[in-house]
1. Residue by residue through region B:81-103, note down the ones that are at the interface with another protein chain (Cβ under 7 Å from one of its Cβ atoms), open to solvent by 10 Å² or more (accessible area, probe 1.4 Å) and at negative phi.
2. Going by the structure shown, is B:Ile273 over 30 Å from B:Met113 (Cα atoms) and under 17 Å from the mean Cα position of the chain (by Cα)?
3. In this structure, does A:Thr73 turn out to be open to solvent by less than 10 Å² (accessible area, probe 1.4 Å), more than 24 Å from A:Ser322 (Cβ to Cβ), in contact with a helix residue (DSSP H, G or I) (Cβ under 9 Å, 6 or more places away or on another chain) and among the polar types (S, T, N, Q)?
4. So for region A:24-43 (the condition being open to solvent by 20 Å² or more (accessible area, probe 1.4 Å), in contact with an Asp or Glu (Cβ under 9 Å, 6 or more places away or on another chain), within 11 Å of another protein chain (Cβ to nearest Cβ) and of a type outside the set (Val, Ile, Thr)), does at least one residue qualify?
5. Spot the failing condition for B:Ser219; the list is (1) among the small types (Gly, Ala, Ser); (2) touching a helix residue (DSSP H, G or I) at 6+ places or on another chain (Cβ under 6 Å); (3) closer than 27 Å to B:Thr157 by Cα; (4) open to solvent by 20 Å² or more (accessible area, probe 1.4 Å), and only one is missed.
6. For region B:13-56, which positions are farther than 27 Å from B:Glu120 by Cβ and of a type in the set (A, V, I, L, M)?
7. Spot the failing condition for B:Ala128; the list is (1) within 12 Å of chain A (Cβ to nearest Cβ); (2) closer than 20 Å to A:His61 by Cα; (3) open to solvent by 10 Å² or more (accessible area, probe 1.4 Å), and only one is missed.
8. Just to be sure before I move on: is A:Ala154 under 20 Å from A:Cys328 (Cβ atoms) and either open to solvent by 60 Å² or more (accessible area, probe 1.4 Å) or more than 14 Å from every other protein chain (Cβ to nearest Cβ) (or both) in the structure I sent?
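The values are calculated or read from the model by the stated rules, or taken from the named source; none is laboratory data. Just so it is clear, the structure is predicted and the values come from calculations on it, not from any experiment. Positions of Cβ are generated from backbone atoms using ideal geometry, with glycine treated the same way; all protein chains shown enter the neighbour counts. Side chains are part of the model used for accessible areas, which takes the heavy atoms of the whole protein and leaves out ligands, DNA and RNA. Shrake-Rupley method; radii C 1.70, N 1.55, O 1.52, S 1.80 Å.
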There are 2 protein chains.
Amino acid sequence: MKVAILGASTTKFGELWNVSPRDLVSQVVKNTLDESDRSIKEVQGVFVGNMLSGILGQQEHIGAFFAEELGLTCAGMKIEGACSSGGLAMHTGIMAILSGLYETVLVVGVEKMTDYKPEEVASALMGAGSDGEREAGATFPALYAMMARAHMDAYGTTESDMAHVSVKNHFHASLNSNAQFPFTITVEQVLHSPKISSPLKLLDCSPISDGASAVLLSSNNSSTAKNHVYVEASSVATDALGLAQRKSLTSLQSTIFASKKAYSMAGVGPHDIDVAEVHDCFSIAEIIAMEDLGFCAVGAGGAYVSSGCTRLGKGSLAINTSGGLKACGHPVGATGVKQIVEVYQQLKGSAGKKQVREAKVGLTHNVGGSGATAVVHILKK
Amino acid sequence: MKVAILGASTTKFGELWNVSPRDLVSQVVKNTLDESDRSIKEVQGVFVGNMLSGILGQQEHIGAFFAEELGLTCAGMKIEGACSSGGLAMHTGIMAILSGLYETVLVVGVEKMTDYKPEEVASALMGAGSDGEREAGATFPALYAMMARAHMDAYGTTESDMAHVSVKNHFHASLNSNAQFPFTITVEQVLHSPKISSPLKLLDCSPISDGASAVLLSSNNSSTAKNHVYVEASSVATDALGLAQRKSLTSLQSTIFASKKAYSMAGVGPHDIDVAEVHDCFSIAEIIAMEDLGFCAVGAGGAYVSSGCTRLGKGSLAINTSGGLKACGHPVGATGVKQIVEVYQQLKGSAGKKQVREAKVGLTHNVGGSGATAVVHILKK
C-alpha cells in the first residue's frame, strides 16, 4: 500500500455564518493545492465526505456540485456514513488510487450546521441512529451517557476522568488557531457545567460546527518536496446501529475490528503510534477509544486519560493535538478528513505550537453515530 | 482490469407499499447470493447507492444500517450522486476490488419513493439541481423539456421520434416480469397523453418507483459456474449542475467524456456493443444518449430511435431491454445497479423472453440530475 499525501489543509472550524459550503470548499482546496506542487488540472476525482447536505440543506449531488465549483469535469461523488463520512471519503479516495483508475484525487470533508435551528440539527443527526432509538427520543448525548454509565459501573470510571479528556483537548485547541474553542478550561469547570444527559455535562460534549478539510492523494510522488507522508493502512468496520443490539456497551466492536486490521496492514502496534486523532464526540468516547485502540488495558481508560500521559509533551503518545471534536469542533462530514490533516501536519513537522516531537507514526479514528461505523487510518512519514 | 460479477439480481420495481427498504435489500441480496456460489460471510464490503434516504426518510448511515440487516460487521457506506447513485456505487465497488483491499463485495442500489406525497418527492429530487434552477422552480421535466426543445430546433427531432422511445421501452417491459409497467403502448397514446412540460408528455416521463438491485463483485472467480461476466470499464465524468452553465443543451458532456474513457479502457467502440441500458429518465434523454454514446451521428438520434433498430431483435444493438427507466421503473438509487443486472443477465443468456441473441459486449449509462454526472460501464462475458 503506497498512497502519498501531497497536501492537506483545513479551514477554521466554528460558527461560520458568513461563508457558504462552496466558499469553504474553494478555500480549503486552494490551500491544499498551494501546499502541494500540483495544479487543479491534475485532479481526476473528488470524493466528498458529508452527512447533512440533504436533510438540512435539501442539496444532494454535491460531488458534481463541488466539481463544478472547482472547475473540474472529472469524477465526483458524495460518501456518507454519518459522522464517519469524512473517514469513509478518505477510504474511498485511497481505494481510487490503489485501484489504478486514478492517479491524483482530492478528498474533501465539509459540513455546514450552524445555519439551522439547534432542534433541526439534533433531529437531523438522529438520521444516524436506529429506528428504536429515534422512536424513543434518545438523542446522541443520551446514547453516549448510557455508555458512560455502563463504563462507570463496570470499571469505576469517574466523571472527573471524563473531565480530564475535555481539559486536555481544550489545552491542545488553545494552541490551534483553526479551533472553534481555542482556550483552556479546568476540571472544575467541566464538572460544574450544565448537565446535558447525566453523567455527561455541557463540557463533555462536542459542539455543532461548520468547516471543511481537504487532502490531496496521489500514486505519483515525484515532487520537489521530499518528506512525504504515506497512508499505510485504511480500514472500516461496522456494528449494529442501536446500542440494544450490541454485545457490549463499554466498547465499540467496530473500532476493535477496524484497528486490528489497520495495525496488521501497517505492520505496527498501538505502542508504535506517536500521535493519534480519535473520535471524542463525547468525553467518554475518548476513554473507550483508548481501550479499543489498544493504547491501554480494557477498563483502564479512565485512569489512563486522567494520568495526563496523552497530553502534548507528557508521554510517548499525544491524543487529539488538534483539540479533537470537543474543542477543535465537529462539522460532521469534515471531522474524519481534519483528523488526517492534523496527523499529516504532525508527521511533516508543521504542526506549530502543538507539534509532537519526532512524530513518525500517526493514527486516525473516526466514528459514525454511536459507533456503528469506525474508520481507522495509519500514516507514516 | 478484471472484476468478475458472480451474481446479480433485482426486485420488482413499482409501488411497493407493503415492503420496507430493509425488506427490499434483504430479498435482493439473498437472491444475488443464491445465484452465485458464495455465502454472505464472504462479503467484505457493502456499497449502497441511494439518493433520498436522508431528505425523504430522515435516515442516513445506511451503509451500517444495511450491513446490520445482513448480519455483517464489514465495511458499509452510502454513495450518493442523485440519480447516478447506483452507478457510482458500482464504480466504488469496482475500485474496492481493484484496490486489493477487498476480495468480494456487494453493490446495492435501493430507493423507496412512493411512501411520500408526490410534491415531497418532486421537491426532494430538486436536491440534484442547481441553486438557480431550484429558485426558478424548474423541476426535472422542465429542464429536460428545454433540452428536448433545443434538440428539436437544432436537428428537426419530432415529438413522434420521442414517442418511439417510450413505445419501444414499454414493449421491452412487457417481456419483463420485474417491470413497473409491463404492458405495451402506442405512439398515438404517447402523443395524446397529458402534457407535463411541453413538448414532454406523461408517457415521455419515467415514473416514481420503489425497488432494489444488487451485484456481487469479486477478484476471485474460482467458482463452479464457468461463464462469468467481467467488468471491462468503469468511468465517471461530471459537468455543471445547471443547464445555463453548460456549453450545449443538445448533448451531455459528462456522457461524452465518460463513454470515451470507457471505450478506451475496454478496447472497444460503440459498434462493438450488443446491448445497452441507457438513462431514459425522459424520452429525449435516450435520443441524446444515442448520439453522446456514439451509437449514431450527432443530430441523428431522433431518426435512429424511430427507425426501430434499437428494438429487441431488430438490429445489431438493443437498447433498454429491461424497459428502461420509463417502463421498468426508476427508483433512483437502484437504477444504475439494475442496469448492470440487466446487462449481466443478457451476457449470461438468462434474460428470458427479452434475451438478445449472442450478446457478448454490453454497456450501461447512468445519469445524475439533468446530466451533471454520467457513469458508464462496459461488461463482457
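1. Scanning region B:81-103 gives B:Leu98, B:Ser99, B:Leu101.
2. Details: over 30 Å from B:Met113 (Cα atoms): yes; under 17 Å from the mean Cα position of the chain (by Cα): yes.
Here the answer is yes, as B:Ile273 does meet what is asked.
3. Working: open to solvent by less than 10 Å² (accessible area, probe 1.4 Å): no; more than 24 Å from A:Ser322 (Cβ to Cβ): yes; in contact with a helix residue (DSSP H, G or I) (Cβ under 9 Å, 6 or more places away or on another chain): yes; among the polar types (S, T, N, Q): yes.
The answer is no for A:Thr73.
4. No; the residues of region A:24-43 include none that is open to solvent by 20 Å² or more (accessible area, probe 1.4 Å), in contact with an Asp or Glu (Cβ under 9 Å, 6 or more places away or on another chain), within 11 Å of another protein chain (Cβ to nearest Cβ) and of a type outside the set (Val, Ile, Thr).
5. Result: B:Ser219 passes all but (3).
6. The answer is B:Val29, B:Leu33, B:Ile40, B:Val43, B:Val46.
7. Of (1) within 12 Å of chain A (Cβ to nearest Cβ); (2) closer than 20 Å to A:His61 by Cα; (3) open to solvent by 10 Å² or more (accessible area, probe 1.4 Å), only one is false for B:Ala128: (3).
8. Details: under 20 Å from A:Cys328 (Cβ atoms): no; either open to solvent by 60 Å² or more (accessible area, probe 1.4 Å) or more than 14 Å from every other protein chain (Cβ to nearest Cβ) (or both): yes.
No; evaluated as a whole, the condition is false for this residue.
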